[in-house]
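J.: Got a structure for you, written out below as structure tokens; questions coming shortly.
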2 protein chains.
Amino acid sequence: MLLEPDHLLWEDTLRDDLLLEVGEDGVILGAPRKGTAGEVRRLPGRVLLPGLVNAHSHAFQRLIRGCTEYVAAGALADDFWSWRELMYRAAETLTPEEVHASARQVFVEMARAGITTVGEFHYLHHQPDGTPYGEPNLLSAQVVRAAREVGLRVVLLRVAYARAGYQKPANPRQRRFIDPGPDVALEALAALRSEFQGDAAVSVGLAPHSVRAVPAEWLQQFARLPADVPVHMHVAEQPAEIVACTAEHGLRPVELLQQLELLRPQFTAVHGIHLSADEIEALGRARATVCACPSTERNLGDGVVPADALLRAGAHLALGSDSQAHVDLLMELRQLDGHLRLLRLRRAVLDPGLGQPSGLALRLLQLATAGGARSLGLPVGRLAVGAPADFFTVDLDHPSLVGVPPDRLLSGVVFAAERQAVREVAVAGRFIVEEGQHALQEAAVQGFRTVARRVFS
Amino acid sequence: MLLEPDHLLWEDTLRDDLLLEVGEDGVILGAPRKGTAGEVRRLPGRVLLPGLVNAHSHAFQRLIRGCTEYVAAGALADDFWSWRELMYRAAETLTPEEVHASARQVFVEMARAGITTVGEFHYLHHQPDGTPYGEPNLLSAQVVRAAREVGLRVVLLRVAYARAGYQKPANPRQRRFIDPGPDVALEALAALRSEFQGDAAVSVGLAPHSVRAVPAEWLQQFARLPADVPVHMHVAEQPAEIVACTAEHGLRPVELLQQLELLRPQFTAVHGIHLSADEIEALGRARATVCACPSTERNLGDGVVPADALLRAGAHLALGSDSQAHVDLLMELRQLDGHLRLLRLRRAVLDPGLGQPSGLALRLLQLATAGGARSLGLPVGRLAVGAPADFFTVDLDHPSLVGVPPDRLLSGVVFAAERQAVREVAVAGRFIVEEGQHALQEAAVQGFRTVARRVFS
């Protein structure tokens, strides 16, 4: 298959003279010159870009979108922790079918936003009373099933969750998350890896939830995992976490992870907001990734990821939609740089340097493509020979974008394109979105509406 | 005409039992109970809200959307001032027809975002070489014409511009803005007021550009304007402005405006970011408005409007799309509270207090409706008997919103709805957007593309 968009981001350069050639197996064969003979699918008025990688998602949290900006009568305050209680309420009673329906809705939203890969940080494991399902990975399988139906590539990051927190009494609302020991989490990881071994669109990693929820003894075991297993963990999201970690361990979170030898290229610290200078250096030396989730971090009053300092230190960055308050990774990129602008009181904070055309836009786009792929251990995120043909197109005549001159096109896409400017989306060469529409979108909305009514009734 | 949405924000309360009754003259007659006999237009699956008021717009800046995140080869840095140079480049050569085409494009975008009124802070007055047009208000008239064609209510805020800045040499790129004296600006104001006197959808105010661009002698004259003339002014957007103002006057910007007796209920300080505690108090005592433009202020690295402190002091707030980097006032509301969350490290910063259902969402929505109306001196912004029937609807089944329970619906709209969830928009009872579409949208895109190609060629 030969694809002919107006513009194509080939090996990190925007080209208007190339076709994209995709093999039967969904792998990119090359980028021959326009005019090459063959069966050409024209994509007029489009720019074609590598598919976006959403490195941090909690699919079921789609249920509480727009519901949490609300101080209930009698509540003391609306904060991160009251938000968490509402999130737990949504999590408490979902059936396996409802987990599937919630994930399907938000995965369709992701596909229509140009996302081709999702890293699902999945912590709903057990029945509402805390006992395992007969098939222990039943809920993980529901999420994977939803991703497969929608057509997304998925990395199931199986969460390990031990406790409510240091010296905190058990919270019954966490019953569905908690394993009796680290071995159970590792067994689940092994079972999932085995189950999906033959599926090129599904892979599996481990997600120790946080230093709050996982004690050092568990983390020590997890540090012995092979270096190529992606390990994701919430790190330094809220100041209270730093206080509790220091009280328990005499160390800040990243200091603890360093001591436990968890920092490595396949380690991703999700959030990574409240970091000391030494912790930033440690993440950089380890070539670890920090996954920023700016719209969620703004919504929750978490703070701003010091992405400029992290990049300078040698750390990598990825992006996530996290709580699904919004599903639009281009908007997340704007927020990543934008929030830093508000703190540093200058523009283009993450610009890689002078004299590089579209330098900032390309760098940001790379975070949401190659950066996410690196974090999840996948060979996607870049259009090049031998890579899977995961891509999306943007309509240059969309009202949000029309008028941007060709030499600033990438900047236009990253800084101006509305989510609805996304027109075609393909995973491994298969189109899952055409003209902005996904075949499952109506069914997904209907199924999801039913779940939401049941949960909030 | 009787309108029957599922929900209606009537006198600041969300109701599901009322119709909206609109008279032939476009004025709201009342909200009779559902079931009342008459010619009913059903709007199933919709919530109907007062039209959004965009209190600060520079229409022609739509041309540089997405083009400015760019460090040109040889440039020293990308900052507010280099951004301004690109903006001037767009401003320099526009013909009257091009001014019209640019405004029409962005006004259609506004209409499709639920905006029913725009306050256009208009500073393009003269021919490219600085000499007045034969008809001195020709360019103002182009903007008004575009708003009338699109169907928006418009307040033309005629800018007065005197100079490049305190002790700064004249900048030839400002030739189209500058008047020889304050009397010329006041004459233009009077002529425009007289010209549009009979048009209920057009009104006129004065906009001394900034303390940078307007000296104290001009401002003293403007302070003598009748109290009901809206006066808008850029205030305290960038730290450099505070430094220059203090050097020239020995006073900070708001201190100067207070001394010159410009602060009053019909005064709007656009931006109002770098304010001292005393300046916040002064704006509050005067019951003046601060117009926040969060997406532009983020884009330009300006900083965050201290909206919480301003509201506590008694000041009013309005919202604006300003540079048109984005046109989505609901998104601006999220950013207004969201940027404060990032600074204060807590949620729901502008929540008016405990125990008020949807308190934060309603308060924010009021800023972008009644707040903007107050700033522009118009009786719109609230659905009530005798008010103009300016409103928009949101599709509750839109993927961005589906699942939000009825008791949190307003919160869902304000915090989750994508711009494309806007379905119908009416000004004075006349529908200008139906099913999300505007009759002029294709023509506007085509006309605008031509202008952009000419400007950037």
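The values are calculated or read from the model by the stated rules, or taken from the named source; none is laboratory data. Worth saying up front: this structure is predicted, and the values here are computed from it rather than measured. So basically every Cβ, Gly included, is an ideal-geometry build from the backbone, and we count neighbours across all protein chains shown. Side chains included, ligands, DNA and RNA excluded: accessible areas come from the protein's heavy atoms. Shrake-Rupley method; radii C 1.70, N 1.55, O 1.52, S 1.80 Å.
J.: Please report, as a whole percent, how much of the solvent-accessible surface of the range A:97-209 comes from carbon and sulfur atoms (probe radius 1.4 Å).
T.: Working: 1950 of 3710 Å².
Of all accessible area on the range A:97-209, carbon and sulfur atoms account for 52 percent.
J.: Residues with beta-carbon under 13 Å from that of residue A:428, excluding residue A:428: net charge, scoring Lys, Arg +1 and Asp, Glu -1? Walk me through the numbers before you get to the answer.
T.: Numbers: positive: A:148, A:153, A:430; negative: A:24, A:25, A:199, A:390.
In short, -1.
J.: Please compute the contact order of chain A in relative form: average sequence separation of alpha-carbon pairs under 8 Å and at least six residues apart, divided by the residue count, as a percent. Provide the component values of the computation, followed by the final result.
T.: Values: 972 pairs, mean separation 92.5, N = 457.
Taking the mean separation of contacting Cα pairs over the length of chain A, I get 20 percent.
J.: Leaving ligands, DNA and RNA out of it, rank A:166, B:123 by accessible area with a 1.4 Å probe, largest first. Walk me through the numbers before you get to the answer.
T.: On the way: A:166 75, B:123 10 Å².
The ranking, largest first, comes out as A:166, B:123.
J.: Moving on to the next point. Kindly report the accessible area of chain B per residue (heavy atoms of protein chains, probe 1.4 Å, no ligands, DNA or RNA), in Å². Write out the running numbers ahead of the final one.
T.: On the way: 14830 Å² over 457 residues.
Solvent-accessible surface per residue comes out at 32 Å².
J.: Next question. Suppose accessible area is computed on protein heavy atoms with a 1.4 Å probe; arrange B:199, A:278 from highest to lowest.
T.: Details: B:199 45, A:278 115 Å².
Result of the area sort, largest leading: A:278, B:199.
J.: Taking all pairs of different Cα atoms in the range B:52-376, averaging 1/r and flipping that mean, what Kirkwood radius in angstroms comes out? Walk me through the numbers on the way to the answer.
T.: Numbers: mean 1/r = 0.0507 Å⁻¹.
Taking the inverse mean of 1/r over all distinct Cα pairs, the range B:52-376 comes out at 19.7 Å.
J.: Ranked from the most accessible area to the least, with a 1.4 Å probe and all protein chains present, what is the order of B:65, B:346? Don't skip to the answer; put the middle values down first.
T.: Numbers: B:65 15, B:346 110 Å².
Correct descending sequence by accessible area is B:346, B:65.
J.: Take the alpha-carbon centre of the range B:215-231, take the same for the range B:77-143, and report the distance between them in whole Å.
T.: Comparing the Cα centres of the range B:215-231 and the range B:77-143, I get a distance of 24 Å.
J.: Dividing the alpha-carbon radius of gyration of the range A:180-282 by 2.2 N^0.38 Å (N being the number of residues), what value is obtained? Write out the running numbers ahead of the final one.
T.: Numbers: Rg = 14.3 Å, N = 103, 2.2 N^0.38 = 12.8 Å.
Compared with the compact-globule rule of thumb, the range A:180-282 sits at 1.12.
J.: Using a 10 Å cut-off on Cβ to Cβ distances, tally the other chain neighbours for every residue of A:287-299 and report the average as a whole number.
T.: Details: counts 0, 0, 0, 0, 0, 0, 0, 2, 2, 0, 3, 9, 7.
Going residue by residue through A:287-299 and averaging, the value is 2.
J.: Kindly identify the range A:268-382 as rounded, prolate or oblate by the Cα gyration tensor criterion: order the square roots of the eigenvalues as a ≥ b ≥ c, call it rounded if a/c is under 1.5, otherwise compare a/b with b/c, prolate if a/b is larger, else oblate. Kindly include the intermediate steps, with their values, before the conclusion.
T.: On the way: a/c = 1.04, a/b = 1.02, b/c = 1.02.
Since a/c stays below 1.5, the shape of the range A:268-382 is classed as rounded.
J.: Once the Cβ-Cβ distance between residue B:138 and residue A:259 is put in as r, and R0 is 60 Å, what FRET efficiency do you end up with, to the nearest 0.05?
T.: On the way: r = 71 Å, r/R0 = 1.19.
So the FRET efficiency works out to roughly 0.25.
J.: Further question on the same structure: Quote the FRET efficiency, to the nearest 0.05, computed for residue B:97 versus residue B:173 with a Förster distance R0 of 35 Å and r equal to the Cβ-Cβ distance.
T.: Details: r = 21 Å, r/R0 = 0.61.
Result of the calculation: an efficiency of 0.95.
J.: Name the long-range amide H neighbours of residue A:41: under 5 Å, sequence gap of 5 or more, or other chain; modelled H, no Pro or chain starts.
T.: Sorted by chain and number, the residues that satisfy this are A:2, A:3, A:4.
J.: Quick one: buried accessible area between A and B, total over both chains, 1.4 angstrom probe, nearest 100 Å²?
T.: Details: alone 17710 and 17740 Å², together 29630 Å².
Accessible area lost upon association: around 5800 Å².
J.: Per residue of B:414-420, count partner chain C-beta atoms within 10 Å of its C-beta, then hand back the mean as an integer. Don't skip to the end; give the middle numbers.
T.: Values: counts 2, 9, 7, 1, 7, 4, 3.
Shielding by partners across B:414-420 averages 5.
J.: Let me ask something else. If amide hydrogens are placed 1.01 Å from N in the peptide plane, which non-local residues have theirs closer than 5 Å to the one on residue A:316?
T.: Close amide H contacts, sequence-distant or interchain: A:288, A:289, A:290.
J.: Right, next: Mind checking the mean number of beta-carbon atoms from other chains within 10 Å of the Cβ atoms in A:333-345?
T.: Counting Cβ atoms of other protein chains within 10 Å of each residue's Cβ and averaging gives 5.
J.: Shortest first and in nm to one decimal, what separations exist between residue A:264 and its copies in the other chains, measuring from label points 7 Å along the Cα-to-beta-carbon line?
T.: Between copies, matching label points for residue A:264 lie 7.1 nm apart.
J.: Set the Förster radius R0 to 22 Å, insert the Cβ-Cβ distance between residue A:276 and residue B:308 as r into 1/(1 + (r/R0)^6), and round the FRET efficiency to 0.05.
T.: Values: r = 29 Å, r/R0 = 1.30.
Calculated transfer efficiency: 0.15.
J.: Give me the percent of accessible area attributable to carbon and sulfur for the range A:212-343, probe 1.4 angstrom.
T.: Details: 1780 of 3590 Å².
Here carbon and sulfur together make up 50 percent of the probe-accessible area.
J.: Which distances, in nm and shortest first, link the residue B:285 label point to the same label point in every other copy, taking 7 Å along Cα→Cβ?
T.: Counterpart label points of residue B:285 in the remaining copies fall at 5.6 nm.
J.: From the helices alone, meaning DSSP H stretches of at least four residues, give me the mean residue ellipticity at 222 nm for the protein assembly as shown, per-run term -39500 (n - 2.57), in deg cm²/dmol to the nearest 500.
T.: Working: 30 runs with 314 residues, N = 914.
Calculated from helices alone, the mean residue ellipticity at 222 nm is -10000 deg cm²/dmol.
J.: Run through the other copies and list how far each one's label point is from that of residue B:25, in nm with one decimal, shortest first; the point sits 7 Å from Cα along Cα-Cβ.
T.: Computed spacing set for this position: 7.6 nm.
J.: Tell me the net charge near residue B:396. Cut-off is 11 Å between Cβ atoms, residue B:396 excluded, with +1 for each Lys or Arg and -1 for each Asp or Glu.
T.: Values: positive: A:449, B:46, B:423; negative: B:6, B:395, B:397.
Residues close to residue B:396 contribute a combined charge of 0.
J.: Would you work out if the range A:237-310 is rounded, prolate or oblate? Take a ≥ b ≥ c from the square roots of the eigenvalues of the alpha-carbon gyration tensor; rounded if a/c is under 1.5, else prolate when a/b is larger than b/c, oblate otherwise. Could you put the intermediate results ahead of the total?
T.: Working: a/c = 1.93, a/b = 1.15, b/c = 1.67.
Verdict is oblate for the range A:237-310.
J.: Just add up the charged neighbours of residue A:286: K/R +1, D/E -1, any other residue whose Cβ is under 14 Å from the Cβ of residue A:286. Spell out each step's value before the answer.
T.: Details: positive: A:264, A:285, A:287, A:374; negative: A:255, A:261, A:278, A:279, A:281.
The answer is -1.
J.: Now a separate question. What distance in nm separates the simple spin-label points at residue A:166 and residue A:129, each placed 7 Å from Cα in the Cβ direction?
T.: Roughly 3.5 nm, to one decimal.
J.: Further question: Quick one: if you stick a label point 7 Å off each Cα along the C-beta vector at residue B:184 and residue A:248, how many nm between them?
T.: Label-label distance for residue B:184 and residue A:248, simple model: 7.0 nm.
J.: 7 Å from Cα along Cα→Cβ at both residue A:29 and residue A:195: what's the point-to-point distance in nm?
T.: So the two model labels end up 3.7 nm from each other.
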